[in-house]
Amino acid sequence: MTTAATAMPSTATDPLALIDVDHVRFYVGNAKQAAYFYAHTFGFNITQVADLTTGSRDEADYLLTQGNIRLLLTTPLTKDHPAAEEIKLYGDGVKDIAFTVFDAEKAWERAVVNGAQSAQEPRTLKDDKGSVTVASIKTYGRAIHTFVSRAGIYALPDFKKDPTGNLFMPVFKHVTSPVNDYNRANPCGLKYVDHCVGNVEEGKMNHWVEWYENVMEFKMFKHFDDKDISTEYSALMSKVMASGNHLIKMPINEPAEGKKKSQIQEYLEWHDMAPGVQHLALRTDDELHSVAELRRRGVDFLSLPDTYYDIVWDRVNKVLVENGHEPVKEDHERIKDLGILVDADDEGYLLQLFTKPLQDRPTLFFEIISRHGSQSFGKGNFKALFEALELEQERRGNL
Ligand code: FE2
């Protein structure tokens, strides 16, 4: 199994070797309030803050951590901050999938030579305790990738030993919150970012697949076409790009022709027709525990058609037995009670469940996933899932 902790490359000779998902930055309208939403409903600890009290004059940032996941919630403090315009256009959502690298300047230079458009030239934030170098490139739509290299007390901590960790960057301060104590007593078990899915415009999927191959030096991992992912009404196409060490997988979706509106098209229409991040999949070792705890906390998950569990065990266990694997070991009744989706391939099975949108616009959502050998993305669930999604789209008047 590839994990963020074991995927570290052994040499620093490749400038685009990724060490970790450094953080995922959201632009939000009110980071102070959003921090409490992600802390209370998803079990993230509010660990560090940069705001007016720490000398940050143009934005407030909240660092939320759980396992090896770092979410950075940024809100603009002035109308001239670039986030202010983006929030007007897109609502709350993901701006940046940032990667830790050995040397951010070299990574950025290599990406630019490979054809990337720069979003921000390298700059180093430094004090007597250490330094952080950041440099960013543009990817699809409004999204960027920031390369981050760290030294001194700004190194990323070993999340297994010290999840709250070192200072994130100069200008941040550690904070405590009663919600963190609550989360420690009632863990949700989310460990790291398994994959990050982007929605792009119709006809643009292959363009971005090539972009990840050429610029980021990723490789194609899997692909699905509209025969795999379609219902009677709507469809999409998807290809999965993976970094060299499989630290991160970035599926890219485009809408496909159907009788009714694709969920990708709905996303684009509520995202000023700009491509962007559709969902982050967060990995857990214990899907049943995580989903039960998240439900208890009030996370709104997609619900499935009742018929899903009538056929799922035959479908999944048949694939597993044919490939010499044990059937799904978790209690089948509990899986059904928790509304969890199951899929299998030749390597094993996975359990997954998707939240409803995390904000009022039908844009970004989370997936909670655990893998038992399977390295795929739940292809067998797409049809059941899309029928559930279409029901939600219809409720929103967007089908
Ligand atoms: Fe996914």
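What FRET efficiency, computed as 1/(1 + (r/R0)^6) with R0 = 41 Å and r the Cβ-Cβ distance, is obtained for residue 323 and residue 78, rounded to the nearest 0.05?
Working: r = 57 Å, r/R0 = 1.38.
Efficiency, rounded to the nearest 0.05: 0.10.
By how many nm would the segment from residue 151 to residue 121 lengthen if fully extended, with 0.36 nm per residue of separation less the alpha-carbon distance?
Residue separation times 0.36 nm, minus the Cα-Cα distance, leaves 8.9 nm.
To test your reading of the geometry: what angle, between 0 and 90 degrees and rounded to tens, separates the Cα axis of helix 308-322 from the longest principal axis of the chain?
Helix 308-322 sits at roughly 80 degrees to that axis.
Of 151, 292, 17, which has the largest mean-square fluctuation in a 10 Å C-alpha GNM of the chain?
Top of the fluctuation ranking is 151.
Can you list the residues, at least 5 places off or on another chain, whose amide H is less than 5 Å from the amide H of residue 348, using H built in the peptide plane?
Long-range HN contacts for residue 348: 374.
Per residue of the chain, what 222 nm ellipticity follows from adding -39500 (n - 2.57) for every DSSP H run with n ≥ 4, rounded to the nearest 500?
-7500 deg cm²/dmol
In percent, how large is the relative contact order of the stretch 270-399, given Cα pairs closer than 8 Å and 6 or more residues apart?
32 percent
Can you give the FRET efficiency for residue 30 and residue 333, using 1/(1 + (r/R0)^6), R0 = 35 Å, r = Cβ-Cβ distance, to the nearest 0.05?
Here the calculated transfer efficiency is 0.30.
Under 5 Å between amide hydrogens, which residues at least 5 positions from residue 249 or on another chain qualify, with H placed 1.01 Å from N in the peptide plane?
196
Using the Cα centre of the chain as origin and beta-carbon charges of +1 (Lys, Arg) and -1 (Asp, Glu), tell me which of 155, 328, 357 is placed farthest towards the positive end of the dipole.
Farthest towards the positive pole: 155.
Determine ³J(HN,Hα), in whole Hz, for all residues of the stretch 92-101 in sequence, where each value follows from phi through the Karplus function 6.51 cos²θ - 1.76 cosθ + 1.60 and θ = phi - 60°; x replaces Gly and Pro.
The phi angles translate into 6, x, 7, 9, 9, 9, 9, 10, 6, 9 Hz.
Every read-out reported here was derived from the displayed coordinates using simple, explicitly stated rules and does not represent laboratory data. As the structure is a computational prediction, the values presented were derived from the model and not from experiment. Don't worry about glycine lacking a Cβ; one is built from the backbone with ideal geometry, like all the others, and counts go over all protein chains shown.
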